[in-house]
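The values are calculated or read from the model by the stated rules, or taken from the named source; none is laboratory data. From a predicted model like this one, the values you see are computed outputs, not experimental measurements. FYI the Cβ positions are ideal-geometry reconstructions off the backbone, even for glycines, and counts take in every protein chain you see. Areas reflect the complete protein model, heavy atoms only, side chains present, ligands, DNA and RNA absent. Shrake-Rupley method; radii C 1.70, N 1.55, O 1.52, S 1.80 Å.
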Amino acid sequence: MSTAAEWERPARSAIDPSAIAAGLISSSRSTNNGPLLQVSDLEVRFVTRDRTVHAVNGVSFDLDVGETLGIVGESGCGKSVTSLAMLGLLPRATARVPAGSVRFDGEDLLRLREDRLCQIRGRDIAMIFQDPMTSLNPVMSVGRQLTETVRTHLGYDRGQARDAAADLLDRVGIPDPRRRLREYPHQFSGGMRQRVMIAMAIACRPRLLIADEPSTALDVTIQAQILKLLRALVETEGMALMLITHDLGVVAGTCERTAVMYAGRIVEIAPTAELFARPQHPYTLGLLRSVPRLDSGHDTALAPIPGAPRDQTAALTGCAFAPRCTYATQESRERLPVLTPAPSAGAGHQVACWNPVPEADRRALTRLQGGQT
Amino acid sequence: MRRNPGAIVGGTVVGLFVLLALAAPLVAPSGPTEVVGGLARTPPGPRAEHWFGLDEQGRDMFSRIVFGARLSLLVGFVSVLVGLSLGLVLGSVAGFVGGRIDSLIMRVMDLMLAFPQFLLAVGLITLLGPGLIQIMVAIGVVTVPQFARLLRGSVLAQREADYVLAARSLGTPSLRILLTHVLPNSIAPVIVLATLTMATAIIDVAGLSFLGLGPADPGLPEWGRMLADNASRLESGVHLVLFPGFAIVLLVLGINLVGDGLREALDPRLGR
Amino acid sequence: MLKYLARRLLLVIPVLFVTSLLVFLFIRALPGGPAIALLGERATPEAVEAFEQARGLDRPVYEQYWDYLRNVLSGDLGASIRSRQPVTDELLVRFPATVELAVAAILFAVLIGVPLGFLAAKHYQGALDQTSLVASLIGISFPVFFLGLLLKYVFAVRFDLLPTTGRIDVRSGFDGQTNFLILDTILARDWAALRDVLAHLVLPAVALGTIPLAIIARITRAATLDVLGEDYVRTARAKGLKASVVDRRHVLGNALLPVVTVIGLQAGLLLTGAVLTETVFNWPGVGQWVVAAIANRDYAVLQGGILFFALVVILVNLLVDLSYAFLNPRIRLR
């Protein structure tokens, strides 16, 4: 069995991660005295023979050590592409990153050579994906896929690696780990497979874990378990978590801060509670309103956001949400709004909008939600 | 849709062959068995009067090749026709009628598919004896299982389609449904298969002739036969081998290119 | 896995029966009747009648079939009309030649085809990819016998580089025990003879293996492209594994599964090709033997040859099924 000593890596931060999570201590204490992750003006395009898709159009955000950030948006808003771009995992043939920087601990990931990126992937930054069935190699045993990581990055020999792997499976809650090591992905259930993915991701104690729709492909009850596991790991490992999802419920329970993305841009970012209580961007308001409640009457109409998501084959001119927005003005259509601190909101709340939601409408929503925060 | 340069090249080549074949008597300087030169141990190669040279019996090679195109195209076309018609019938019956007849037909088809196509043809020829008609039948029969399978699949898929059910509910007899509704909708993959099958048919004919199982008439300018006859003359008259051989390759390549192009064009993944 | 193995092996038996029945019927259907077939066309009517009585050809068909089956199972396949030798003996001498050729051809096809297809997929739509696609197309449009003749011309007639007839220099006088000449020469440590054998093997193997090469390359390319788009390859990269490691361990392993099946399916192609290639290169194998038998109406030989081919096809299919079951953990762990 492994000992704690074997797991030790030189501690980068001596701060108690749970304290940071509780917002008690300023989180700006990483080795570089800045945020752990700094994404600035990231742009991603996909170029094919007939057209160009502007998937990400100027995304900027920070992530501190041990912080949990949620990224919410509809399919096609660019949230997954952002994370893939960060790690250089986009398809080389069609993806272009014409602008932006992704600073992780001072290094710009977009400008690194492939072999340095390989060192960072899986070790400092890990990623888990949506569908655990297709994300695991079907002809390789689970144990092998686990030991691969620790042997590559931490230099363990076969015995140490197997011990570590069994320990990992145990930590993510898989019973009888030793036996399971020899088994193949198809012999696990969906939830278990996702746990295996998580185990693979945390094997080298990464400082940042990116979870791309980790629970979407799972049953609701399993969803809750997986999210609980992620929360527990964040706490014990002190790692930062970037949780990408389209489900507002998921961020509500898990993330300290949440960013809302639309058409390849972040339109609003705030501490989660603050976002739900005082949404500034019409899109965010629309999202919150569109979630049906258990206690609304039978004949309460569903309130979808009118219109359809933007076709991303053209570059942005003006606010992307304008065509669907009740508050849109001429300015919205002409000038691209930038993230600025929201006037009538709490600290750390930024919105990219020329016409943020008026107080009255927001209060109507809060009433609808029974004053829930 | 004509984005496929290969198909265009292929189509041109095939077109050229067809034209040559059709216009053979006009294009060829002499008949396929007409002797224009003397017997020679080392037959003369390509030159001004005889573009492809002469063979060991003094016959003009160019003429023989051109008339050979006629033969190959004819045999290829007819065998595919044989295979296609038989296969269509069997496949439609199997798909439409279903049940035990379906099982029986498909079992036989599977059995046939278990053997290498060419060897089956050899076996059939052994039973039927040599001769042009026998060859076309043998090669045709050997391609039946592929067509049968294709048609059966198509029929099965469409049997439950709305418009078929509609036609049925109106009392339209099954045969009519088959002919006017189901078959026209299955045309695309059948055309592709027919084209590709023609390519293999031409190679198979040449192969049979090469083994001495081809049409009995020694004068017939069959390309495979030419290869067999002159296999020992590589030193003295390699042109006697090169021209028929490359004729086969070019024609088959052309047909394959067209077939591939058709397959891309008629793919259900339309609507980019 | 064991259950699957057992089931699969048992399946072979009915297949063998059906095959023997078909061959039996085939021989009896040949023009001239079995008596003429096995005695030769010049047999006198008395000889024919005696033959028919002796062989019990006046007995009901199923009894004849039973006799036939017993003969086959005890190794008696009749005698060749031409050589008057028992078919079984000659078959035992000839089949190693065909097998050696076929194995060499498939090795050639796999060792070049698989890497080619893999690289073409990795550099999708690059120069290698485009050229290999064109080459594949040309490859399958080439009749095997023309390719053989062409190779013969270039390598033997034009530039006297390689031998083109038979398996070994007629003057060498080497006599192997198993007739698997590569094995025999190694066992006898006759290196000169080994070189000679290999030299003779090159051209026929290349001719025979070219079409399978084209097909294998294409299939490998398709399979690799499929795998490269799979999520687990992305996961492997996300774990920080180097590209070469990802290729080797994750991509190849999965891409090779369908390729293995295809390799097995080439057996049919190889048999066909063997018949034609052996004729071109005067290779003393079963193919050439069978072709001659058809021309000579040597039907006992024909029967032996067909049974041999059928057996090979059945065996190869069995091997392919078993190896696929072994390689795919979803089937292996049942």
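Loop-located trypsin sites (Lys or Arg not before Pro) in the stretch A:235-334 (DSSP state not H, G, I, E or B) with no more than 11 neighbouring Cβ atoms inside 10 Å: A:Arg293.
Residues whose amide H lies under 5 Å from that of A:Ala99, counting only those 5 or more places away or on a different chain, are A:Glu43; hydrogens are built 1.01 Å from N in the peptide plane. Dividing the mean sequence gap of close Cα pairs (under 8 Å, 6+ apart) by how many residues chain B holds gives a relative contact order of 27 percent. Could you point to the residue in B:Val18, B:Ser92, B:Gly214 farthest towards the positive end of chain B's charge dipole, with +1 and -1 charges on the Cβ of Lys/Arg and Asp/Glu respectively? Farthest along the dipole direction, towards plus: B:Ser92. Estimated from the Cβ-Cβ distance and a Förster radius of 41 angstrom, the FRET efficiency linking B:Ala216 and C:Leu21 is about 0.85. Quick one: angle between helix C:253-281 and the longest Cα principal axis of chain C, in degrees between 0 and 90, rounded to 10, please. The two axes meet at around 40 degrees.
The contact between chain A and chain C removes approximately 2300 Å² from the accessible area (both sides summed; 1.4 Å probe; ligands, DNA and RNA excluded). I need the shape label for the stretch A:87-171. Rule: rounded when a/c is under 1.5, else prolate if a/b > b/c, else oblate, with a, b, c from the alpha carbon gyration tensor. Prolate is the answer for the stretch A:87-171, as a/c is 1.5 or above and a/b outweighs b/c. Take the Cβ-Cβ distance between C:Ala29 and B:Gln57 as r, set R0 to 22 Å, and report the resulting FRET efficiency rounded to the nearest 0.05. That pair, C:Ala29 with B:Gln57, gives E of 0.05. Within the straight-line cut-off of under 17 Å between alpha carbons, the aspartates and glutamates reachable from C:Lys239 are A:Glu114, A:Asp115, A:Asp124, A:Asp131, A:Glu148, A:Asp212, C:Glu230, C:Asp231, C:Asp247, sequence neighbours fewer than 8 places apart in one chain being disregarded.
Here, P(r) means the percent of Cα pairs in each 10 Å bin from 0 to the largest distance; for the protein assembly as shown it is 2, 9, 15, 17, 16, 14, 11, 8, 5, 2, 0, 0. Between A:Thr236 and A:Asp176, the distance separating the two model label sites (each 7 Å from Cα on the Cα→Cβ line) works out to 2.2 nm. For chain C, the longest principal axis of the alpha carbon atoms and the long axis of helix C:127-141 meet at an angle near 10°. Summing +1 for each Lys or Arg and -1 for each Asp or Glu among the other residues whose beta-carbon sits under 15 angstrom from that of B:Ser103 gives +2. Taking Cα atoms only, the orientation of helix C:61-73 departs from the longest principal axis of chain C by about 60 degrees.
Looking at the square roots a ≥ b ≥ c of the eigenvalues of the Cα gyration tensor of chain B, which shape do they give, rounded for a/c under 1.5, prolate if a/b is larger than b/c, or oblate? It comes out prolate by the Cα gyration axes. Could you compute the FRET efficiency for A:Ser101 and B:Asn185, with r as their C-beta to C-beta distance and R0 at 60 Å, rounded to 0.05? Step by step, r from the Cβ atoms, then E = 0.60.
Computed over protein heavy atoms with a 1.4 Å probe, the carbon and sulfur contribution to the accessible area of chain B reaches 67%. Summarising the strand pairing of the protein assembly as shown, around 60 percent of its internal DSSP beta bridges are antiparallel.
Full extension of the chain segment joining C:Trp66 with C:Ala188 gains 39.6 nm, where the gain is 0.36 nm per residue of separation less the Cα-Cα distance.
Helices of chain B meeting both criteria, an alpha-carbon length of 27 angstrom or more along the long axis and an average Kyte-Doolittle score not below 0.5, with helices taken as full DSSP H segments, are B:61-97, B:132-159, B:183-210, B:239-265. When B and C come together, around 2700 square angstrom of accessible surface is lost from both chains combined, probe 1.4 Å. Restricting the stretch C:102-207 to chymotrypsin sites (Phe, Trp or Tyr not before Pro) that sit in a DSSP loop and have at most 11 other Cβ atoms within 10 Å of their own Cβ leaves C:Phe159. Positive end of the dipole of the stretch C:87-327 (Cβ unit charges, origin at the Cα centre): among C:Gly305, C:Ile112, C:Gly176, the Cα lying farthest that way belongs to C:Ile112. The stretch between A:Asp50 and A:Thr326, if pulled fully straight at 0.36 nm per residue, gains 96.0 nm over its current Cα-Cα span. Could you please report the charge total around C:Ile112, scoring K, R as +1 and D, E as -1 over all other residues with beta-carbon less than 15 angstrom from its beta-carbon? Neighbourhood net charge equals +2. Computed about its Cα centre, the charge dipole of the protein assembly as shown is approximately 1260 debye, with only Lys, Arg, Asp and Glu carrying charge at their Cβ. Label-to-label distance for B:Leu26 and A:Ser189 is 7.9 nm, based on points extended 7 Å past Cα in the beta-carbon direction. For the residue pairs A:Lys228/C:Lys242; C:Lys122/C:Lys242; C:Lys122/C:Lys152, the C-alpha atoms sit more than 25 angstrom apart in A:Lys228/C:Lys242; C:Lys122/C:Lys152. Looking at the stretch A:182-235, the trypsin sites (Lys or Arg not before Pro) that sit in a DSSP loop and have at most 16 other Cβ atoms within 10 Å of their own Cβ are A:Arg182. Write down the accessible area per residue of the protein assembly as shown in Å², having rolled a 1.4 Å probe over the full set of protein chains. About 47 Å² of surface per residue is accessible.
Relative to the current alpha-carbon distance between C:Ala50 and C:Asp231, full extension at 0.36 nm per residue lengthens the span by 57.8 nm.
Where the centre of each part is set by its Cα atoms, how far does the stretch B:212-272 sit from the stretch C:99-120, in angstrom? Value for the Cα centre distance between the two parts: 24 Å.
Which of rounded, prolate, oblate describes the stretch C:87-327, given a ≥ b ≥ c as roots of the alpha-carbon gyration tensor eigenvalues and a/c under 1.5 marking rounded, otherwise prolate only if a/b is larger than b/c? Prolate, since a/c reaches 1.5 and a/b exceeds b/c.
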